[in-house]
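The values are calculated or read from the model by the stated rules, or taken from the named source; none is laboratory data. Predicted model, so just to flag it, every value in this text is computed and none were measured. We place every Cβ from the backbone using ideal geometry, glycine too, and count neighbours over all the protein chains shown.
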Amino acid sequence: MQTNPPTWADPMAHLARTVPDHPVLYLSPRVLQDTARRFTRGFPGLVTYAVKANARPEVLANLAAAGLRAFDVASPAEMAAVRAVRADAVLHYHNPVRSEAEIASATALGVDSWSVDDAGELEKLAALPPGAEIAVRFVLPETGASYCFGEKFGATPEQAEALLARVAVMGHRPALYFHPGTQCDDPGSWARYIAAAGRIAARAGVPVARLNVGGGFASNRDGRAPDLEAVFAAIGRATRDAFGPDVPPLVCEPGRAMVAEAFTLAARIKGMRDGGRRVYLNDGIYGGLAEMRDMAHTRPVRVIAPDGRARTGAPLPRTVFGPTCDSIDRLPGAVPLPGDAAPGDYVLFDGMGAYSAALATGFNGYGLGEVLTVDSLSGHPV
């Protein structure tokens, strides 16, 4: 089943036919559902989707259509968005800092799993019905990721031992949880965390009801497709090594890797200066390219003329600005664009499903105009 039947064959067909003057996100439901099935086939446990990466209704609906039934949510608003497309969805509330009002809302919405990394936050959950799953989030020094998640969340292994024991004393189901960091392509990172989880459980003397190995799975970097299956296999081996006959059920929560490849962003060249060395787009870091402030887009981009023809000139490094009046609205580094690129052309950024729509603002009256469904993102059947 495919929700949102494609309106256009590919982005090029839409651009040539309508010549939009606003940035457009193109979604391939087929790519999104195929990615979801890749995770559910390959990962040795329950797959939940980290809604923060892209909470648009068509994304959640396509994941549900692909068979996904569990979602990692960080707020009551994300819970409501999931319930709107799948009323029976399993909700994992793994933002470890919550207000009393958020806890009440989550309880009313039927959250299945909670996480904590602090004794005070655990005590906030004291009123939960007995038997609730509470996953203790811990952190290790990270390697192999684009940036660290441990600076904000995560107990030390010693703190995690005490929290795990306290969860059991409270009459809840103790679980363990970690996140290896975003864009992690080193299977050894998961193996190190899983080994630590085994030690934490043993020292706490508490059987672990479930082990959540987090997200962090990489999307395409530098034109290299990630070997997710190698990561899945490493997770399975490490869990058996760490827990022996008492292997707990596994959970993962991909966000970026689930949705990134299903979207392409088209931004239009508004103007060029200094012999083409300075390029001004109608989208930038206040819009769909917001994440480039922290992680540069290292993949090659495509440039399409208004009639749909690809620009094929030798790449030249350009300074690329967004459309707002703010001078920091600039993509980091130099962006190689074809030498024959011209004002009015479209720059296509592939792999833009994660955090583009989620982080975009309407600053200065600019922003993402629409999301359209296509059969193919590349111009070839997928």
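Numbers at a glance
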item	result
Odd one out for Ala267 among (1) surrounded by 17 or more Cβ atoms within 10 Å (Cβ to Cβ); (2) assigned to a helix (DSSP H, G or I); (3) in contact with a Gly (Cβ under 8 Å, 6 or more places away or on another chain)	(2)
Restricting segment 192-224 to residues that are touching a Ser or Thr at 6+ places or on another chain (Cβ under 9 Å) and among the hydrophobic types (A, V, I, L, M, F, W, C), the residue that is farthest from Ala162 (Cα to Cα)	Ala218
Ala77 being assigned by TED's automatic domain parsing to the domain that holds Val231 and surrounded by fewer than 17 Cβ atoms within 10 Å (Cβ to Cβ)	yes
Residues located in segment 1-46, provided they are within 29 Å of Thr361 (Cβ to Cβ), among the polar types (S, T, N, Q) and in contact (Cβ under 8 Å) with a residue 60 or more places away in the chain	Thr3, Asn4, Thr7, Ser28, Thr35
Some residue of segment 150-167 being among the hydrophobic types (A, V, I, L, M, F, W, C) and without any contact (Cβ under 8 Å) to a residue 40 or more places away in the chain	yes
Lone qualifier among Val47, Val24, Val31 - being in contact with a Pro (Cβ under 9 Å, 6 or more places away or on another chain) and closer than 17 Å to Arg302 by Cβ	Val24
Residues of segment 309-358 classified as under 13 Å from Ile285 (Cβ atoms) and surrounded by 16 or more Cβ atoms within 10 Å (Cβ to Cβ), total	12
From the options Gly110, Gly120, Gly67, residue that is touching a residue at least 24 places away in the same chain (Cβ under 8 Å), loosely packed, with under 14 Cβ neighbours inside 10 Å and of a type in the set (Gly, Ala, Ser)	Gly67
Within segment 43-93, strands (runs of 3 or more DSSP E) holding 3 or more residues that are touching a Phe, Trp or Tyr at 6+ places or on another chain (Cβ under 6 Å)	46-50
